[in-house]
1. In degrees between 0 and 90, to the nearest 10, how far off the longest principal axis of chain B does helix B:95-111 point, with axes built from Cα atoms?
2. Mind checking the angle between helix B:177-188 and chain B's longest principal axis? C-alpha axes, 0 to 90 degrees, to the nearest 10.
3. Taking chain B as a Gaussian network, Cα atoms linked when under 10 Å apart, which of B:71, B:159, B:126 shows the biggest mean-square fluctuation?
4. Could you work out the relative contact order of segment B:144-303, using alpha carbon pairs under 8 angstrom and six or more residues apart, expressed as a whole percent?
5. Express the Stokes-Einstein translational diffusion coefficient of segment A:144-303 in µm² s⁻¹, to the nearest whole number, given a Kirkwood radius over alpha-carbon pairs, 10 °C and a viscosity of 1.306 mPa s.
6. Remind me, relative contact order of segment A:4-136 in percent, using alpha carbon pairs under 8 angstrom and six or more residues apart?
7. At 222 nm, what helix-only mean residue ellipticity would chain B give, in deg cm²/dmol to the nearest 500, using -39500 (n - 2.57) for each DSSP H run of four or more?
8. So what does the Cα-only Debye profile of segment A:72-112 read at q = 0.22 Å⁻¹, as log10 I(q)/I(0), no solvent term?
């Protein structure tokens, strides 16, 4: 039987990063040396079986996604990722599962040059809680409260394919196997927009930002509320995922506007920054699309490509009412 | 029905600390401004129903204990607590539970002048994951690897009453109601030894430290392994909790040496620091007891009050093999 100590040592303990984490796994706390004059950006996300992922989900993908959704929060602040802790409740210490999970986790961690600095393991219903740490220069963080009337609204990448895959798994939408597989990559292996977020923050060209996890309309709503503004969103301008783009207009509108699980950035920036935004996005090979504008008047107005009002019944995801 | 947003706003959002957390709950990340030239000490603990606490546990006590076990990790490093994140999976958003839990949590947070800076809530089997942040001056952290041959071994407070209460609840040991209630305070409302840990670190008078959560013998074992040393422990010198002290010798020895859930500090210090240790402990009103010594020879030797070898069958708690 694999003990807790062996589990940590075999699957989660790796050589220490020479510069940053003075002390990693194996003491009461990790010790992290912040870079001088930088702020720490910190976020925690908890993933629960049956809620955030299916029972029996492939452990490699789960390791990737658990870290990706947290890195996406750092991206939305414009912070540079530094490290993370992992607290893990497992029904049993199964070697195959641990091997896959840790490989998926560390593959993404290595891609962003960050390390696991501590955590906890215990027996219990499968639950993955990651806390990420990043750094951002004072005053540069992209805040939800910073949108200004007249700002453009931008979206990175594409939206809706993760939601389409979910609909396919649930047989709410008929999808051929190849389409389901293609869409499902967005659901299982989201890539956090870390480089774009860092660049927007460093260049000071964006105002507000949020990552799109519960659906664009709901997440943009947080920016509007906290900034005390409204917005007009051209729903037909929303960039649909490659698979969703082949479907009918109603499905495309619904899943781009309020799909969820996208892990793209929604950010606002002054009109004067348009060319700078496009250049920054191009420099990190991340497509961005201008999809609307921030209004002084409160409320969110959805329009079609011609500017006519659209009455869509949309709802963001809420963990306790849905 | 209480939404996720309302749940956070009603039970977990409080006024921001004016100095430290620049940005707290309500953005993608919290922003924390580290004090210049300090290291961050970081620890995560996950508490699972049926494993770390009984189903139906009083929520106030649970809020207290969830934070206390994390603060105990900071205490064991000698770090000053600064803030924490809370990720919470709940079967349902019940007002009574949330009210009790948040009151217990914040009562302890206020006692240590720290704040909740962010987190996550989701539906799922009850699971509480807290990550704490503290600060410690470079070089001052109390590490498990720093014990030296010849060091005294010290214990703060008393041991074993939490384990005795557990035995009482399980009817492994007969306890009258008043005794059970007295012992159970140690199980439900542990007080982390934060001030003592900070003082030992700041004065530089201790070498290694660990907090006793899985039983002294097992936790001291981590210090011995990481420091490459052994130890001799006078089991009869171990300070028993007030209720346990009234029980027979065998029970007292077993529960002080390997009870678990004590949240006291075990630390080592040179013999020359004895009077400084006692003075420091007195200044923060925390009793400390000298219970053994670190040996150059590996292994842990248990003795009785007369120095004769004791062969106790003891085992630390392991989450996956027990």
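Bear in mind these aren't lab numbers, they're just calculated from the coordinates by the rules spelled out. Here the structure is a predicted model, which means the values were calculated and not measured. A quick note on method: Cβ atoms are made from the backbone with ideal geometry, for glycine too, and the neighbour counts reach across all protein chains shown.
1. Here the helix axis deviates by roughly 60 degrees.
2. Roughly 70 degrees between the two axes.
3. With Cα springs under 10 Å in chain B, the top fluctuation among B:71, B:159, B:126 is at B:126.
4. 46 percent
5. The Stokes-Einstein estimate is 101 µm²/s.
6. Relative contact order comes out at 38 percent.
7. Estimated from H runs of four or more residues: -10000 deg cm²/dmol.
8. Evaluating at q = 0.22 Å⁻¹ gives log10 I(q)/I(0) of -0.84.
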